[in-house]
């Protein structure tokens, strides 16, 4: 195609990249909580340290970008963060109970 006929695509904004990255972190957190299958190996696995890191990074990035998101995305990400945190606490509690039984 001729360069003159091509539409110029504007560069992606950091908030768009942040939204993408938040979704990646969210997926990894669910995988490390053992609630989603890891696409890399097709297995479920619980690694609370990795899950905590993913959730903490999600929170850090979200808090930095939340005022730049449209209200609907901001609400969606707030709900996702809350769900991740609640599920983490539940999994950590179960892990602690299981280790006390041993």
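Worth a mention:
- Helix-derived mean residue ellipticity, 222 nm - over the chain, DSSP H n ≥ 4, -39500 (n - 2.57), to 500: -23500 deg cm²/dmol
- Rounded if a/c under 1.5, otherwise prolate or oblate - the range 1-82, Cα gyration tensor axes: oblate
- Angle in degrees between helix 48-65 and the longest Cα principal axis of the chain, rounded to the nearest 10: 40 degrees
- Each of 82, 44, 15 was scored by other Cβ atoms within 10 Å of its Cβ. Listed from fewest to most, they are 82, 44, 15.
- Figure legend: label point modelled 7 angstrom from the Cα of residue 14 along Cα→Cβ; residues of the range 34-78 with amide N under 16 Å from it are 60-70.
- Segment residue 93-residue 45, length gained on full extension (0.36 nm per residue, minus Cα span): 15.6 nm
- Selected from 87, 23, 64 as most flexible by GNM, with the chain as the system and alpha-carbon contacts under 10 Å: 64
- Mean Cα-pair separation over length for the chain, i.e. relative contact order, pairs under 8 Å, 6 or more apart, %: 25 percent
Taken together, the values in this text are just the output of simple stated rules run on the coordinates, not laboratory data. All values reported here derive from a predicted model rather than from experimental measurement. Note that each Cβ is placed from the backbone with ideal geometry, even for glycine, and that neighbours are counted across all protein chains shown.
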